[in-house]
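Taking it in order: structure first as structure tokens, then the write-up.
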Amino acid sequence: MRLLHFADLHLGVESYGHIDPETGLSSRLQDFLAVFDQMVDYALSNQVHLVVFAGDAYKSREPSPTQQREFAKRIARLTSAGIPVFLLVGNHDQPQALGKANAVDIFNTLAIPNTTVADKPGVYRVETVAGSVQVLALPWLKRSAFLAREEAKDLPFDEIDRQLRDRMTAILQAKIAELDPNVPAVLAAHVWVDVAKPSGTERMLSLGGEPQLLLSTLTQRRPIASDAILSLSKDGAGRDSDPVFSYAALGHIHRHQVLSQRPVVAYSGSLERLDFREEADDKGFMVVDIERRGMGSGGWEVRHEFHPVDARRFLTVEVKLSAQDLDPTASVLQAIERRRDKVPGAIVRVNIEMPQELEGQIRENDVRRALEGASYVAAISRDVKREARLRLGGAAVEKMSPLRALEEYLKQKKVEAQRIELLKEYAQKLMQEEE
């Protein structure tokens, strides 16, 4: 059986784009649809038997009709070819209020053939031309639902996250007990696993808390049956018990990564780059082959491969100028020229660090002409290094901690000492919440 795993499509992200006059669509929407088409084309041409989508179809909980239409078109290409599609609900697909439909619920409502929508934990049996597969679904656990409970009141954030993790673990254990060991089991989960390395975009796009599930929860193995003890070799070494899951298809983290090899636990990553935080990340999808190990063994062999797509490139040109630069614009143009082969078709930004005496000497029109051929010029930013200014009784504010600067300011305003300490306590709490 061959399955294709992808996640975090995020249709609706339109930053760094423009409206295409021919179609009326955002150029960034077209970028996301182009890589989606590459994935669908691969599935149709390479005997894929099941497509597992691990959540976050759209950027918004309430996608536009155009975004829904384009998503449905591509799902229909797969299902009409006889390829079942399993759609997991991610945090960006969740409705904001109870009773509202999730962003992909329409596939359930219309009873679209060959589609399964998993909006709650459960074991779903999917029939493919290559046989049956059971998918244990773990959609995004809504933090808000837990916070509404009486027992969650006044709990610190770390305790809330711990309890949410324990709740996810308990749900997973209960559903594992329902699995049939004679049918390959795939986990589809939209979750943050504790050892995963995020790209940076996840926190920006997150709509709720970030409870993390332990990797060990996903890699657990079945207990060895008593009759299997007879297969121990003469030296006493036995075969490892089989993992509960043949493959764990994860979503939510946009950077592709394989967290475990047996069982295979992997984030496919997002199909398209969302912003400059993902500039260096490869984008694509996972292709996984699952085959029975041998007659009577009951185990499964798994092979996996990451397939990259031609996603829109992001490019950052870093320039550091000194006071000795006689023509700072020429130095910026030289830095761009060194990356000339990367500019065409890319979303580009130029970051210029410069001393105060060069301020105002960059000819921006010349820089923009040097970037012709880029898909979009996101920014030409100037980081001007200024001398530290003396304020607040002669102390250099730029070198103060925020609390010290607040204290010095309040002293200059002749605020009472007791009130200063109280205000500092409130400021400390605000900074901790922000962090």
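Throughout, read-outs are computed from the coordinates displayed, never taken from laboratory work. Fair warning: this is a prediction, and the values are worked out from it, not measured in the lab. FYI the Cβ positions are ideal-geometry reconstructions off the backbone, even for glycines, and counts take in every protein chain you see.
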Expected unfolding gain across R69-T23 under the 0.36 nm per residue rule, minus the alpha-carbon gap, is 15.1 nm
Taking 7 Å along the Cα-to-C-beta vector as the label spot, tell me the K197-Q163 distance in nanometres, rounded to one decimal. 3.5
Please report the antiparallel percentage of DSSP beta bridges with both residues in the chain, rounded to the nearest 5. 40
Rounded to the nearest 10, the angle in degrees between the Cα long axis of helix 65-80 and the longest principal axis of the Cα atoms of the chain comes to 30
Neighbour-count ranking [beta-carbon atoms within 10 angstrom, fewest first] of S241, S401: S401, S241
P(r) histogram, all alpha-carbon pairs of the stretch 314-385 included - 10 Å bins from 0, percent: 21, 57, 20, 2
Taking every other residue with Cβ under 10 Å from the Cβ of P308 and scoring Lys and Arg +1, Asp and Glu -1, one gets -1
Peptides ranked, highest mean first, by Cβ atoms within 10 Å: ranges 307-314, 131-138: 131-138, 307-314
Using amide H atoms built in the peptide plane, which far-off residues or other-chain residues are under 5 Å from G122 H to H? A137
For A7, the residues 5 or more places away or on another chain with a placed amide H closer than 5 Å to its own amide H are A54, L271
Bins of 20 Å, beginning at zero and ending with the bin holding the largest distance: percent of Cα pairs per bin for the chain, please. 21, 44, 28, 7, 0
What trypsin sites (Lys or Arg not before Pro) in the stretch 341-388 are in a loop by DSSP, with at most 13 other Cβ atoms within 10 Å of the Cβ? R386
Step through the residues of the stretch 268-280 one at a time and calculate ³J(HN,Hα) from phi using the Karplus curve (6.51 cos²θ - 1.76 cosθ + 1.60, θ = phi - 60°), rounding each to whole Hz and writing x for Gly and Pro. 6, x, 6, 6, 10, 6, 8, 7, 5, 5, 10, 4, 8
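With a 10 Å Cβ neighbour count serving as the proxy for reagent exposure, in which order, fewest first, do H252, H49 appear?
Arranged by neighbour count, lowest to highest, H252, H49 become H49, H252.
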What nm distance separates the two modelled labels at S216 and E62, each placed 7 Å from Cα along Cα→Cβ? 4.4
Mean residue ellipticity (222 nm) of the chain, computed from DSSP H runs ≥ 4 via -39,500 (n - 2.57), nearest 500: -8500 deg cm²/dmol
Once you treat every alpha carbon in the stretch 64-142 as an equal point and sum by Debye, what is log10 I(q)/I(0) at q = 0.16, 0.17, 0.23 Å⁻¹? -0.64, -0.72, -1.21
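Normalised by the empirical 2.2 N^0.38 Å for globular proteins, what value does the Cα Rg of the stretch 1-124 take?
1.06
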